[in-house]
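See structure below.
The values are calculated or read from the model by the stated rules, or taken from the named source; none is laboratory data. Just so it is clear, the model here is predicted, and its values are computed rather than measured. Every residue, glycine as well, gets a Cβ built from its backbone with ideal geometry; the counts of neighbours run over all protein chains shown. In case anyone asks, the SASA skips ligands and DNA or RNA and just uses the protein heavy atoms, side chains included. Shrake-Rupley method; radii C 1.70, N 1.55, O 1.52, S 1.80 Å.
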Amino acid sequence: MPNITDWRTSTRTQGQGQCVEVGFGADCVGVRDTKNRAAGQITVAVQRWQDFVSGLKHGSFDVL
C-alpha cells in the first residue's frame, strides 16, 4: 500500500459526516471514507486525479 500522508477533508462538509478524505503520496492520491477509515482507500495516479479535478471545475460531470 502506498504511503499516503496529509489527509484532508473539504471545508465545505462543515461537520455533516458525509464526506471523504483525500491524501497525497509521492506518486499517487488516496481517497477514503471519513466515517470508515479502516475500510481502506482507493488510490489513483496523480495525473488521473488532476484530470478528475479539472473535469469537476469545468462541469464535465454536471447532469443537465
**Message:** Can you confirm whether ALA45 is surrounded by fewer than 11 Cβ atoms within 10 Å (Cβ to Cβ), small (Gly, Ala, Ser) and out of contact with any Ser or Thr (no Cβ under 6 Å at 6 or more places or on another chain)?
**Reply:** no
**Prompt:** Taking GLN16 and the conditions (1) part of a strand (DSSP E or B); (2) polar (S, T, N, Q); (3) modelled with pLDDT under 90, which numbered condition does it fall short on, given that it satisfies the others?
**Reply:** (1)
**Asked** Hey, any hits in segment 57-64 for a residue that's outside any loop (DSSP other than H, G, I, E, B), of a type in the set (Ser, Thr, Tyr) and either in contact (Cβ under 8 Å) with a residue 40 or more places away in the chain or surrounded by 10 or more Cβ atoms within 10 Å (Cβ to Cβ) (or both)?
**Response** no
**Asked** Restricting segment 21-34 to residues that are open to solvent by less than 30 Å² (accessible area, probe 1.4 Å) and more than 9 Å from the chain's Cα centre (by Cα), which is nearest to ASN3 (Cα to Cα)?
**Response** GLY25
**Request:** Would you point out which residue out of ARG8, ARG37 is assigned to a helix (DSSP H, G or I) and either free of Cβ contacts under 8 Å to residues at least 60 places away in the same chain or open to solvent by 100 Å² or more (accessible area, probe 1.4 Å) (or both)?
**Result:** ARG37
